[in-house]
Amino acid sequence: MTQPAHAEPAFPVIDNQLRIGGLPLARLAERVGRTPFYAYDRARIDARVAELRASLPADLHLHYAIKANPMPAVVQHLAARVDGFDVASGGELRTVLDTPMPVDRISFAGPGKSEAELRQAAAAGIVVNLESEREMETLARVGAELGLRPRVAVRVNPDFELKSSGMKMGGGPKQFGIDAERVPAALARIRQLPLTFHGFHIFSGAQNLKAEALIEAQTKTLELARRLAADAPGPVRLLNLGGGFGIPYFPGDRPLDLAAVAASLTAAMPAARRDFPEAEFVLELGRYLVGEAGVYVSRVIDRKESRGQVFLVTDGGLHHHLSASGNFGQVIRKNYPVLVGNRVVPEAGDEAGIASVVGPLCTPLDLLADRMELGHARVGDLIAVLQSGAYGPSASPAAFLGHPPALEVLV
Ligand SMILES: *Cc1c(COP(=O)(O)O)cnc(C)c1O
């Protein structure tokens, strides 16, 4: 596997046109009805799930963290393909409760769960990943008010970090989870409360492309779970080992060596099964399942030259796709893979060359491609931003400047 190079997208190009869900992009745009839109390719989502199933140990369950892409059609599609969902808000919980996923395969993580969200979770019967002692006390109280005994897993802020991660979410002082050294006391309190202990959730980071770093974190996660289990008020029935599998976005990014991660997990499972005989083992993935299956498509409204530089002004921009503009957590702005989706390489009579793709917002931050080989694009052409299936519209400031929201389709 190699990174989808800017000129060779992982989606097929037939007659110089990108095909998404089997349709030429211009035809798909007509079918959607207007630009800008996001298209998610269900066959590519399925291929990713199949690849994971083929390499990971069979009894390691695959959960989807829906914050990566909460589009209801995508979540419904994945309901039949993954073993569980992880949600991070009451809104996401409503989305997954519309699917046929059994409630004991739904877990709810995230700091600052409100009392209303904890009531929702208790009433639904899902597993709550406790992020603080306050959540534990509140959930026990609202559970008792409802005559229910909520199932809880303790989200642990580990005493190690996931190295080389795009986003560190564990180790050191963090707002996520309960610090590992305070977990024994929290477990003792769970024993006294009307809560059913279910297991541990240890999520240390996201967007990691380094197999060695993931393997090291998974090994330390299992060690930590073994230590903590000694104080558990009951058998560990759920051991969520986190996720963090990254996807390549930028030039020079190399895809994750899934085979190496899978081999290490396969080697670790016999001892893990022995030590946690009643546990369901879970990997919780977001962008790895959906990120490469999505494309953001906008139309060139204007082609301007300014002092020797070509600007393609499109009807889409950072208000729909903050991360491609470089403003969602990146330190140094880099280009996503971007193509002229309906005419991938220049045709006879085209002016080739370098161009930047910008959006209609009145801010210099609204930049989708900085000086790439897109200069052959004409007004009316379709600009496709690849690797856009995760953290797209739901992670972008749609109201900024009052343009219409992006449409979303699953094809
Ligand atoms: C955000 C998040 C995920 C998903 O992260 P990806 O990088 O999309 O895989 C999984 N679990 C938790 C707890 C999260 O907060």
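Of all residues in region 82-97, one or more are of a type in the set (Ser, Thr, Tyr) and in a helix (DSSP H, G or I). Just one residue in the set Ala50, Ala88, Ala65, Ala54 is within 15 Å of the ligand (Cβ to nearest atom), open to solvent by 30 Å² or more (accessible area, probe 1.4 Å) and outside the structural domain of Met372 (by TED's automatic domain parsing); that residue is Ala88.
Scanning region 173-184 for residues that are closer than 19 Å to Pro111 by Cβ and more than 13 Å from the ligand (Cβ to nearest atom) turns up Pro173, Ile178, Asp179, Ala180, Glu181, Arg182, Val183.
From the list Ala230, Ala293, Ala324, pick out the single residue that is away from the ligand (no atom under 16 Å from the Cβ) and among the aliphatic types (A, V, I, L, M). Spell out how you get there, then give the answer.
Values: Ala293 fails: away from the ligand (no atom under 16 Å from the Cβ); Ala324 fails: away from the ligand (no atom under 16 Å from the Cβ).
Result: Ala230 is the single residue among Ala230, Ala293, Ala324 that is away from the ligand (no atom under 16 Å from the Cβ) and among the aliphatic types (A, V, I, L, M).
Would you say Gln218 is free of Cβ contacts under 8 Å to residues at least 12 places away in the same chain, on the phi < 0 side of the Ramachandran plot and not small (Gly, Ala, Ser)? In short, no. Selection within region 145-172: residues that are in contact (Cβ under 8 Å) with a residue 40 or more places away in the chain and of a type in the set (A, V, I, L, M). The member of this set that is farthest from the ligand (Cβ to nearest atom) is Val152. Evaluated against (1) basic (Lys, Arg); (2) surrounded by 16 or more Cβ atoms within 10 Å (Cβ to Cβ); (3) not in a helix (DSSP H, G or I), Arg254 falls short on exactly one condition, (2). Does region 233-243 hold any residues that are part of a loop (DSSP other than H, G, I, E, B) and either under 14 Å from Leu285 (Cβ atoms) or within 14 Å of the ligand (Cβ to nearest atom) (or both), and which are they? Matches in region 233-243: Leu241, Gly242, Gly243.
Quick check on Gly341: is it touching a residue at least 40 places away in the same chain (Cβ under 8 Å) and more than 23 Å from Pro12 (Cβ to Cβ)? Break it down stepwise before answering.
On the way: touching a residue at least 40 places away in the same chain (Cβ under 8 Å): yes; more than 23 Å from Pro12 (Cβ to Cβ): no.
Against the criterion (touching a residue at least 40 places away in the same chain (Cβ under 8 Å) and more than 23 Å from Pro12 (Cβ to Cβ)), Gly341 does not qualify.
Would you say Ala29 is within 17 Å of the chain's Cα centre (by Cα) and crowded, with 18+ Cβ neighbours inside 10 Å? So Ala29 does not fit the description; no. Which of the residues belonging to region 68-85 are open to solvent by 20 Å² or more (accessible area, probe 1.4 Å) and within 15 Å of the ligand (Cβ to nearest atom)? Hits for region 68-85 are Pro70, Met71, Asp83.
In the set (1) in contact with a strand residue (DSSP E or B) (Cβ under 6 Å, 6 or more places away or on another chain); (2) closer than 30 Å to Met372 by Cβ, Arg237 fails one condition alone, (2). Please count how many residues of region 91-105 are of a type in the set (A, V, I, L, M) and open to solvent by less than 50 Å² (accessible area, probe 1.4 Å). Looking only at that region, the number is 3. With respect to the conditions (1) polar (S, T, N, Q); (2) more than 16 Å from the ligand (Cβ to nearest atom); (3) touching a residue at least 12 places away in the same chain (Cβ under 8 Å), Ser306 lacks only one, and its number is (3).
Kindly indicate whether Leu28 is in contact with a Phe, Trp or Tyr (Cβ under 9 Å, 6 or more places away or on another chain), in the same structural domain as Ala390 (by TED's automatic domain parsing) and farther than 15 Å from Arg287 by Cα.
Numbers: in contact with a Phe, Trp or Tyr (Cβ under 9 Å, 6 or more places away or on another chain): yes; in the same structural domain as Ala390 (by TED's automatic domain parsing): yes; farther than 15 Å from Arg287 by Cα: yes.
For Leu28, the condition - in contact with a Phe, Trp or Tyr (Cβ under 9 Å, 6 or more places away or on another chain), in the same structural domain as Ala390 (by TED's automatic domain parsing) and farther than 15 Å from Arg287 by Cα - is met.
From the list Leu361, Leu368, Leu318, which one is part of a strand (DSSP E or B), surrounded by 14 or more Cβ atoms within 10 Å (Cβ to Cβ) and in contact (Cβ under 8 Å) with a residue 40 or more places away in the chain? Explain how you work it out, then say what you get.
Numbers: Leu361 fails: part of a strand (DSSP E or B); Leu318 fails: part of a strand (DSSP E or B).
Exactly one residue qualifies, and that residue is Leu368.
A single member of Ala395, Ala377, Ala324, Ala355 is closer than 21 Å to Tyr288 by Cβ and open to solvent by less than 10 Å² (accessible area, probe 1.4 Å), and it is Ala324.
Tell me which residues, restricted to region 244-264, are of a type outside the set (Val, Ile, Thr) and within 16 Å of the ligand (Cβ to nearest atom).
Restricting attention to region 244-264, the residues satisfying the condition of being of a type outside the set (Val, Ile, Thr) are 244-246, 248-260, 262-264.
Of everything in region 244-264, those that are of a type outside the set (Val, Ile, Thr) and within 16 Å of the ligand (Cβ to nearest atom) turn out to be Gly244, Phe245, Gly246, Pro248, Tyr249, Phe250, Asp253, Pro255, Leu256, Leu258.
The values are calculated or read from the model by the stated rules, or taken from the named source; none is laboratory data. From a predicted model like this one, the values you see are computed outputs, not experimental measurements. Cβ: placed from backbone, ideal geometry, glycine included. Neighbour counts: every protein chain shown. Each accessible area value is taken on the protein alone, full model and side chains, heavy atoms only, with ligands, DNA and RNA left out. Shrake-Rupley method; radii C 1.70, N 1.55, O 1.52, S 1.80 Å.
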